[in-house]
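A.B. asks: Here it is: the structure, laid out below.
The values are calculated or read from the model by the stated rules, or taken from the named source; none is laboratory data. The model shown is predicted, which means the values in this text are computed figures rather than measured ones. Methodologically, a virtual Cβ is constructed for each residue, glycine included, from the backbone with ideal geometry; neighbour enumeration extends over all protein chains shown. SASA here: full protein model, heavy atoms, side chains in, ligands and nucleic acids out. Shrake-Rupley method; radii C 1.70, N 1.55, O 1.52, S 1.80 Å.
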Amino acid sequence: MVERYQRNLEALKKIDGDLWQKLQRIEGNERFEVFVGSDPADINIVDRKLNIPFYDSAIGDTEAKLKELAPKMARPFLCFFGIGNGILFKALFGAKGINRIFVFEPEIETIYIAFHLCDFSKEIAAQRLIVIDANRFNSAEAMRLVKFDDLLVYLKLYDLVVTQPIYVRYQRMIETINQLMIDAIVQIVKTHGNDLEDALIGVDNFLQNAETMIENAAFADLGNQKNGELAIIVATGPSLTKQLPLLKEIQDYATIISVDASLPILEKREIAPDIVTSLERVALTAEFYENVSDEFQKKVGCFAISALAHKKVVEAAKGTKCLIMRPFGYMMVFGLDRHGYAGVGMSAANLAFEIAFLMGYKHIALIGQDLAYSEDGATTHASDHIFGARDPGAAKYMDTEEKIYFPAWGGKGSARSNSTWALFRNFFIQNIADANNRTTTYNCTEGGCHIDGAIDLPFAEIAARFVDRSAPKKQIALPQPNPKTVRAEKKRLKKVIDAMIKTGEKAIDELKPLQKEIVDLAASLEKEDRQTQLANADFKTICEINAKIDKAKKILEDGEFMKYYWDSLRAMVVSQELNIAKITTRIPTNETEQKEKHLDYLFAHRWWFFSVKGAIETQLKILKKQEWRA
């Protein structure tokens, strides 16, 4: 048993150091006692404090749970509350199809016992079994769990199974964990989106901006321009107005990174930011710059703009520009790494945080980052916001039944938010967790929502602690690129575009014949009702076409195709695969159910092939229309 336990600990140490340390501190059983029967699987645990056994019959209860889980055995991941004696999970890993199991356990001593009873070392090392200390589970941890690539299209199948009745007494904890997981799944699904048009707009915008990006300053140069240890990120929430006098007072001594929407507000107060961020793909964002004088814009050290932004936004920024790519395959293939990769969040403030972290700031202070309506519900943004303090885009949620509340700044009460701000907040939570070993984040908004991981402190306190007023900061000044480098990068751009076109045209040639087969067969089947389909359909042909579908879909595993097209197709493919997963994980119990599964699979892929082929064709048109290719 001791050797088994040590193997488990050794594997865990590389995956979850915090849980490993807690287990290291346990010297033996205190609250729980283990009883082993004659059968190796007959192992019960008794809670001596409550005088309650975990199982009525260890073997019988495990067999009953396995029978209950039988319809879910084709799912690639399962989530449980309660590790028990661990034998259930050893049995589940023997089932074909289950790739990962997440287990939330509230008692560290129970994990200690299960790790003595079962050798999970291989599953832990491969992260097939992830045991979570339920007491420290939070939003960032939930996001980590749902980010496994192999689980993405199955996330809508999530549920949380309580392993034994003894765990029901943790009902409140179970409900909290369940909600955190649901929120994380909603976040990841919304992040991938379901809007193919939006994804292709991003491709088009990037290609229109590519030459401008190459001709201007690179993010690699901005990364060397850190001019202090404190970066203040200025958003446009209702609380910003009260922070502006202090911001103006310290502007010469602290790095100011402003979102584009705050720039007109800062001009009115004569506060020149070091960096201004833009992320949106729509032309409307250009108005933030059009409402600021050219003279003031030239005082800004750098406009850090997503390379996915609308061309009008890029043109409207009149000072030094630095266009930054996102870590998408169709951007990374160009090898333009000196221009950097950032902007995985969904707001200009999320981008500002990433930039501050990548530049190496030890302290990041957020102001105007309410992510909530004002306390009286009257405003959505700071006064002097160009679309008004009650921006119609955000205010519309106030008139709906959407009721989203988060803990308020400072821990007093709650603040009303909306689904869009909730997404921004979740990205902050994840980014803060990822940056925690290098950067401390302070929420100095003094209003709105609390952001998990950030320390709520008044802006004046942070200014007093970290702003050195003895000497003004160094101004950010980015060098322009070498003409030889520009020419080389433009040449590479054209070469890769040609390769993308060739790969896309090859994919169309492969998909087109099968798409016609699927459409023709589905159309003939739809002339009959479901009962007639089940009775008369040629299931040999249906199964053959379904096999062709599976083979054709392997195009999404092809390296060349993936790096050129996946990030533009992803929103649409993930949206459809989330629904197809409900079909593929069904376990038929008779011939009729098997036939229904084949039919449903065929019909689901009629739209899949139409969408994928159409998306590739649209991207090809975008690639071919670029004037600079001539």
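A.B. asks: Examine region 102-112 for a residue that is crowded, with 18+ Cβ neighbours inside 10 Å, modelled with pLDDT under 95 and over 16 Å from residue 15 (Cα atoms), and state whether such a residue exists.
C.D. replies: no
A.B. asks: For region 217-237, name all the residues that are open to solvent by less than 30 Å² (accessible area, probe 1.4 Å) and out of contact with any Lys or Arg (no Cβ under 6 Å at 6 or more places or on another chain).
C.D. replies: Listed by number, the residues that qualify are 217, 219, 222, 223, 230, 231, 232, 233, 234, 235, 236, 237.
A.B. asks: Further question on the same structure: Filter region 113-138 down to the residues that are closer than 18 Å to residue 14 by Cα, among the basic types (Lys, Arg) and within 22 Å of the chain's Cα centre (by Cα) and list them by number. Write out each step before concluding.
C.D. replies: In the first step, residues of region 113-138 are kept if they are closer than 18 Å to residue 14 by Cα; the result is 115, 119-133.
Restricting the remaining residues to those that are among the basic types (Lys, Arg) gives 122, 128.
Correct list: 128 only.
A.B. asks: While we're here: Would you list the strands (runs of 3 or more DSSP E) that sit entirely within region 32-83 and hold 3 or more residues that are over 14 Å from residue 165 (Cα atoms)?
C.D. replies: Details: elements: 32-36, 43-47, 77-81.
Passing ranges, in order: 32-36, 77-81.
A.B. asks: What number of residues within region 531-558 are part of a helix (DSSP H, G or I), of a type outside the set (S, T, N, Q) and open to solvent by less than 80 Å² (accessible area, probe 1.4 Å)? Spell out the reasoning first.
C.D. replies: Looking only at region 531-558, we keep the residues that are part of a helix (DSSP H, G or I), and these are 531-536, 539-557.
Checking which are of a type outside the set (S, T, N, Q) leaves us with 534-535, 539-540, 542-545, 547-557.
In the following step, the residues that additionally are open to solvent by less than 80 Å² (accessible area, probe 1.4 Å) were identified as 534-535, 539, 542-543, 545, 547, 549-550, 552-553, 555-556.
Number of matching residues: 13.
A.B. asks: Residue by residue through region 310-335, note down the ones that are closer than 25 Å to residue 266 by Cβ, assigned to a strand (DSSP E or B) and open to solvent by less than 10 Å² (accessible area, probe 1.4 Å).
C.D. replies: So in region 310-335, the residues closer than 25 Å to residue 266 by Cβ come out as 310-324.
Remaining after also requiring assigned to a strand (DSSP E or B): 321-324.
Matches in region 310-335: 322, 323, 324.
A.B. asks: Let me ask you something else. Given the criteria of a type in the set (Asp, Glu) and buried (at least 22 other Cβ atoms within 10 Å of the Cβ), does residue 370 qualify? Full working, then the answer.
C.D. replies: On the way: of a type in the set (Asp, Glu): yes; buried (at least 22 other Cβ atoms within 10 Å of the Cβ): yes.
It is true that residue 370 is of a type in the set (Asp, Glu) and buried (at least 22 other Cβ atoms within 10 Å of the Cβ).
A.B. asks: May I ask you to list the residues in region 469-499 that are open to solvent by 90 Å² or more (accessible area, probe 1.4 Å) and part of a loop (DSSP other than H, G, I, E, B)?
C.D. replies: Correct list: 469, 470, 472, 474, 475, 480.
A.B. asks: Which one of these does residue 89 not meet: (1) crowded, with 16+ Cβ neighbours inside 10 Å; (2) more than 19 Å from residue 131 (Cα to Cα)?
C.D. replies: (2)
A.B. asks: Under the condition of being among the aliphatic types (A, V, I, L, M) and open to solvent by 10 Å² or more (accessible area, probe 1.4 Å), which residue from region 195-216 is nearest to residue 343 (Cα to Cα)? Outline the logic, then answer.
C.D. replies: Of the residues in region 195-216, the ones among the aliphatic types (A, V, I, L, M) are 196, 199-201, 203, 207, 210, 213-214.
Imposing the further condition that a residue be open to solvent by 10 Å² or more (accessible area, probe 1.4 Å) reduces the set to 196, 199-201.
Values: 196: 19, 199: 15, 200: 17, 201: 16 Å.
Checking each candidate, the answer is 199.
A.B. asks: When the residues of region 559-590 are narrowed to those that are among the hydroxyl-bearing types (Ser, Thr, Tyr) and not in a helix (DSSP H, G or I), which ends up surrounded by the most Cβ atoms within 10 Å (Cβ to Cβ)?
C.D. replies: The residue in question is 585.
A.B. asks: Which numbered condition trips up residue 287, out of (1) surrounded by fewer than 18 Cβ atoms within 10 Å (Cβ to Cβ); (2) part of a loop (DSSP other than H, G, I, E, B)?
C.D. replies: (2)
A.B. asks: Here's a follow-up. May I ask you to verify whether residue 502 is of a type in the set (Lys, Arg), open to solvent by less than 90 Å² (accessible area, probe 1.4 Å) and in a helix (DSSP H, G or I)?
C.D. replies: On the way: of a type in the set (Lys, Arg): yes; open to solvent by less than 90 Å² (accessible area, probe 1.4 Å): no; in a helix (DSSP H, G or I): yes.
No, not satisfied.
A.B. asks: Please determine, by comparing only the residues of region 17-31 that are open to solvent by 30 Å² or more (accessible area, probe 1.4 Å) and assigned to a helix (DSSP H, G or I), which one is farthest from residue 102 (Cα to Cα).
C.D. replies: Filtering region 17-31 down to residues open to solvent by 30 Å² or more (accessible area, probe 1.4 Å) leaves 17-18, 20-22, 24-27, 29-31.
Checking which are assigned to a helix (DSSP H, G or I) leaves us with 17-18, 20-22, 24.
Values: 17: 17, 18: 17, 20: 17, 21: 20, 22: 19, 24: 21 Å.
Residue satisfying both the conditions and the ranking: 24.
A.B. asks: Given the residues 81, 137, 115, 77, which is the only one that is crowded, with 16+ Cβ neighbours inside 10 Å and over 27 Å from residue 34 (Cβ atoms)? Reasoning before the result, please.
C.D. replies: Details: 81 fails: over 27 Å from residue 34 (Cβ atoms); 137 fails: over 27 Å from residue 34 (Cβ atoms); 115 fails: over 27 Å from residue 34 (Cβ atoms).
The unique qualifying residue is 77.
A.B. asks: Just to be sure before I move on: is residue 517 open to solvent by 30 Å² or more (accessible area, probe 1.4 Å), touching a residue at least 24 places away in the same chain (Cβ under 8 Å) and of a type outside the set (A, V, I, L, M, F, W, C) in the structure I sent?
C.D. replies: Yes.
A.B. asks: So, one more: Which members of region 413-465 meet the condition of being surrounded by fewer than 18 Cβ atoms within 10 Å (Cβ to Cβ), touching a strand residue (DSSP E or B) at 6+ places or on another chain (Cβ under 8 Å) and of a type in the set (A, V, I, L, M, F, W, C)?
C.D. replies: The answer is 455, 457.
A.B. asks: Among the numbered criteria (1) at positive phi; (2) not in a loop (DSSP other than H, G, I, E, B), which one does residue 270 miss?
C.D. replies: Evaluating residue 270 over (1) at positive phi; (2) not in a loop (DSSP other than H, G, I, E, B) leaves (2) as the failure.
A.B. asks: Does region 5-16 contain any residue that is outside any strand (DSSP E or B) and in contact with a strand residue (DSSP E or B) (Cβ under 6 Å, 6 or more places away or on another chain)?
C.D. replies: Restricting attention to region 5-16, the residues satisfying the condition of being outside any strand (DSSP E or B) are 5-16.
Adding the requirement that they be in contact with a strand residue (DSSP E or B) (Cβ under 6 Å, 6 or more places away or on another chain) leaves none.
No: region 5-16 contains no residue that is outside any strand (DSSP E or B) and in contact with a strand residue (DSSP E or B) (Cβ under 6 Å, 6 or more places away or on another chain).
A.B. asks: Just need a number here: residues in region 293-304 that are surrounded by 14 or more Cβ atoms within 10 Å (Cβ to Cβ) and either touching a residue at least 40 places away in the same chain (Cβ under 8 Å) or farther than 30 Å from residue 200 by Cα (or both). Lay out the reasoning, then the answer.
C.D. replies: We begin by selecting, within region 293-304, every residue surrounded by 14 or more Cβ atoms within 10 Å (Cβ to Cβ); these are 296-297, 299-304.
Filter once more, so that each one left must be either touching a residue at least 40 places away in the same chain (Cβ under 8 Å) or farther than 30 Å from residue 200 by Cα (or both): 296-297, 299-302, 304.
Qualifying residue count, region 293-304: 7.
A.B. asks: Moving to a separate point now. Would it be correct to say that residue 338 is part of a helix (DSSP H, G or I), out of contact with any Asp or Glu (no Cβ under 6 Å at 6 or more places or on another chain) and among the basic types (Lys, Arg)?
C.D. replies: For residue 338, the condition - part of a helix (DSSP H, G or I), out of contact with any Asp or Glu (no Cβ under 6 Å at 6 or more places or on another chain) and among the basic types (Lys, Arg) - is met.
A.B. asks: Which of the residues belonging to region 343-367 are hydrophobic (A, V, I, L, M, F, W, C) and surrounded by 24 or more Cβ atoms within 10 Å (Cβ to Cβ)?
C.D. replies: 348, 349, 351, 352, 353, 355, 356, 364, 365, 366, 367, listed by residue number.
A.B. asks: Could you count how many residues in region 145-175 are in a helix (DSSP H, G or I), under 21 Å from the mean Cα position of the chain (by Cα) and touching a residue at least 12 places away in the same chain (Cβ under 8 Å)? Steps first, please.
C.D. replies: Within region 145-175, the subset in a helix (DSSP H, G or I) is 145-146, 149-157, 165-175.
Next, only the ones that are under 21 Å from the mean Cα position of the chain (by Cα) stay: 145-146, 149-157.
Pick out the ones that are also touching a residue at least 12 places away in the same chain (Cβ under 8 Å) and you get 145-146, 150-157.
Looking only at that region, the number is 10.
A.B. asks: Restricting attention to region 569-589, and to residues there that are small (Gly, Ala, Ser) and within 16 Å of the chain's Cα centre (by Cα), which single residue is nearest to residue 70 (Cα to Cα)?
C.D. replies: Looking only at region 569-589, we keep the residues that are small (Gly, Ala, Ser), and these are 571, 575, 581.
With the extra rule that they be within 16 Å of the chain's Cα centre (by Cα), the set shrinks to 571, 575.
Values: 571: 31, 575: 26 Å.
Selected residue: 575.
A.B. asks: Name the residues in region 250-273 that are surrounded by fewer than 24 Cβ atoms within 10 Å (Cβ to Cβ), touching a residue at least 60 places away in the same chain (Cβ under 8 Å) and among the acidic types (Asp, Glu), would you?
C.D. replies: 252
A.B. asks: Could you please find all residues in region 202-230 being closer than 13 Å to residue 476 by Cα and either assigned to a helix (DSSP H, G or I) or polar (S, T, N, Q) (or both)?
C.D. replies: Correct list: 219, 221, 222, 224, 225, 227.
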